[in-house]
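Each remark here refers to the structure printed beneath this line.
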Amino acid sequence: LREARSAAGIRNEHVVGIHSVGDEPLPYLVMEHISGGTLQDQLNQNGPLEVSEVLRLGAQLATGLAAAHAMDLV
């Protein structure tokens, strides 16, 4: 619960937003809805990604991780 509340503080376009965290009547976490498929869906439908797409996604992942690191979560 403490970890989820900490993660809810991350504000970055490359990190899924957490709207609410609670523990009554059971522990729960309310996350932003992201429409679309998964990366695995994309790979299954279209095959391997182009290098430029891998680099673009890697940069986005790094930006999200940097936001978490700035809050001492990673």
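The values are calculated or read from the model by the stated rules, or taken from the named source; none is laboratory data. Bear in mind that the values here come from a model prediction, so they are computed numbers and not experimental data. With ideal geometry, Cβ positions are generated from the backbone for all residues, glycine too; neighbour counts draw on all protein chains shown. For the accessible areas, the whole protein counts, side chains as well, though only heavy atoms, and no ligand, DNA or RNA atoms are used. Shrake-Rupley method; radii C 1.70, N 1.55, O 1.52, S 1.80 Å.
Scalar couplings 3J(HN,Hα) for segment 29-35, obtained by applying the Karplus form with A = 6.51, B = -1.76, C = 1.60 to θ = phi - 60°, are 9, 10, 10, 4, 8, 10, 7 Hz; x denotes Gly and Pro. When you count the other C-beta atoms within 10 angstrom of each residue and take the mean per peptide, 59-65, 24-30 line up highest first as 59-65, 24-30.
Counting only protein chain heavy atoms and rolling a 1.4 Å probe, the accessible areas of H33, H14, H19, H69 rank, largest first, as H33, H19, H69, H14. Here's how it looks for M31: its modeled amide H is under 5 Å from those of H19, which are all 5 or more places away or on a different chain. Taking Cα centre as origin and charging only the Cβ of basic (Lys, Arg, +1) and acidic (Asp, Glu, -1) residues, the dipole magnitude of the chain rounds to 140 debye. Here r is the Cβ-Cβ distance between Q40 and R11 and R0 is 35 Å; the resulting FRET efficiency, rounded to 0.05, is 0.80.
Relative to the longest principal axis of the Cα atoms of the chain, helix 51-70 runs at roughly 20 degrees.
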